[in-house]
Amino acid sequence: MKIIPTISKIENAFQPAKEIDTPDRFAGRRQAVQDCYLALVAHGANIAIVGNRGIGKSSLARQVIRMATGEDELLKKLNIPTSERLDYMAMYFACGDAVKTSEDLLERLLTSSACLKDWIYDIPKAKVEIEGYKPKFDVGVIALGGEKRTEVESQKAVGQHSIDIVFTNVARALAEQRLAKHGILIVVDEFDRIANPSGFASFLKSLATNVPTVKFCLVGVAQDIKELMKEHESTDRLFAGSITRLPAMTDDELTEIIRAAEKSIHNFITFDPNATKRLVTLAQGHPYMVHLVGKFALRNAFQNQITIITAENIDLTVKSIAERGADPVLEGRYQKAVASSPQRESVLRALASKIARDGEVWTTEAYKVALDDNVDNSSQYVGQLVTAEYGAEIEKIRERYYRFKDSLFAAYVNARPRQYPK
Ligand SMILES: Nc1ncnc2c1ncn2[C@@H]1O[C@H](COP(=O)(O)OP(=O)(O)O)[C@@H](O)[C@H]1O
Ligand SMILES: [Mg+2]
């Protein structure tokens, strides 16, 4: 007899809104996991994880933390050979809008409880460093007699250390305690959101010399480490051999996500082979799309007492996702690009349908598709789609070649039904 799952089990079988944390839900990615493991073992190497939006960077970063703290479930599952159990003191920090510079970042790392703060106060040497710097931390925050202190009043005294030196000294004091055998691992997610990270590369360089047991793992949307750090000079040595650029997931890996979701509800509801294929195809390598569409397909099936999901159910789900704006950001971008023009919609969709493996779109091909929709002045609409007014979702690479800046958006365009029927 089948056990009826709870609504909560159904709602959490897929998780589009959350990175994967537990190894049993983490699909595929053997190569990336192995690379990260080796980077954790290697002395001195920092780690970087880069790739597109929604491709799985944060999920991988979570696994890096698990491996660094000695959990080897995922390594075993993927059959990755290991030597000793890793023992890092590991912490995770995601940059928000408030982190605008590398100084901001170092301050945040020192002052948030999830990172260094709670350790610092147990270690006298580190505490002294921080207290010396303290006024600076309180800029604009501490109210004196109800009034905000001005920046001038609370500026640090001459002779006090700058934040990178404070950080280095604190890190050294912590490292000397040998709280963990292999050192300290600091994962900084959404590093790309730091508007001006200049100076961070040279900070890492000097940290590597002064306190070699501290390892950073930088995570963010970028093609490579130079783009992530917004540095022109080579940063390769800082990340020697330990940059993981997450590729699109393979169809097998995406299928694994569906099977894991089914398993979590004891196969009470399943995706038939065609539905599985449809879901995997429309995702175009993005695990996020599998989770998003999978979640609503499952919810719908549960509500309508369907136990086998078909390809047709998937199509209906995608339609309802668009209609109700289940992903308001992606849907909003679609609306912005299309606005009130059926022709521009045709051209946008034609471009998305002709993305080559390298991500490029050859307009000659795309225009043919648009012509089928009776749009014979496609170039005019392409001219609009590159502008900010229509979201600038595409950009010109060279004569007659364009690309979508965000492959996740392109996948959404391909999956979504037309707004204006032909
Ligand atoms: N290896 C994986 N196995 C299963 N689901 C994954 C995997 N990697 C990512 N996901 C899912 O894909 C979505 C995007 O993942 P996330 O790690 O947040 O990506 P990013 O940080 O690159 O934007 C989330 O719903 C997450 O649960
Ligand atoms: Mg992320």
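Structural remarks
- Annotation for segment 1-22 versus segment 377-422: alpha-carbon center distance of 34 Å.
- Sorting 125-133, 54-62 by their mean Cβ neighbour count within 10 Å, with the most densely packed peptide first, gives 54-62, 125-133.
- Each peptide in 374-381, 65-72 gets a packing score, the mean of other Cβ atoms within 10 Å over its residues, and the list from highest to lowest is 65-72, 374-381.
- Alpha-carbon Rg/Rh ratio, for segment 29-245, with Rh computed the Kirkwood way: 0.99
- Neighbourhood net charge (12 Å Cβ-Cβ; Lys/Arg +1, Asp/Glu -1) for ILE55: +1
- Residues whose amide H comes within less than 5 Å of that of PHE271, counting only those at least five positions distant or on another chain, are ILE309 (H built at 1.01 Å from N in the peptide plane).
- Computed label-point distance, nm, for sites ASN267 and ASP251 using a 7 Å Cα→Cβ extension: 2.3 nm
- Separation of segment 58-101 from segment 239-306 is 23 Å, based on Cα centroids.
- Annotation: aspartates and glutamates with alpha-carbon distance below 20 angstrom to LYS422 (same-chain offsets under eight excluded): ASP315, GLU323, GLU331, GLU345, GLU365, ASP372, ASP373, ASP376.
- Annotation: segment 368-413 has a Kirkwood hydrodynamic radius of 11.4 angstrom, from the mean reciprocal C-alpha pair distance.
- Each Lys and Arg adds +1 at its Cβ and each Asp and Glu adds -1 at its Cβ; summed about the Cα centre, the chain shows a dipole of about 460 debye.
- For the chain, dividing the convex hull volume of the Cα atoms by the residue count gives 194 Å³ per residue.
- Straight-line cross-link reach from LYS9 at under 28 Å between alpha-carbon atoms covers these lysines, not counting any fewer than eight positions away in the same chain: LYS18, LYS57, LYS76, LYS77, LYS263, LYS277, LYS295, LYS319.
- Two-site FRET efficiency, ASN196 against GLN303, from Cβ-Cβ distance with R₀ of 41 Å, rounded to 0.05: 0.25
- Summarising the amide proton neighbourhood of ASP72: residues at separation of 5 or more, or on other chains, whose placed amide H is nearer than 5 Å comprise an empty set.
- Taking the DSSP bridge list for the chain and keeping only pairs wholly inside it, about 30 percent are antiparallel.
FYI, it's all coordinate maths here, none of it is from the lab. Just so it is clear, the structure is predicted and the values come from calculations on it, not from any experiment. Glycine also receives a Cβ, built like all others from the backbone with ideal geometry; neighbour counts cover every protein chain displayed.
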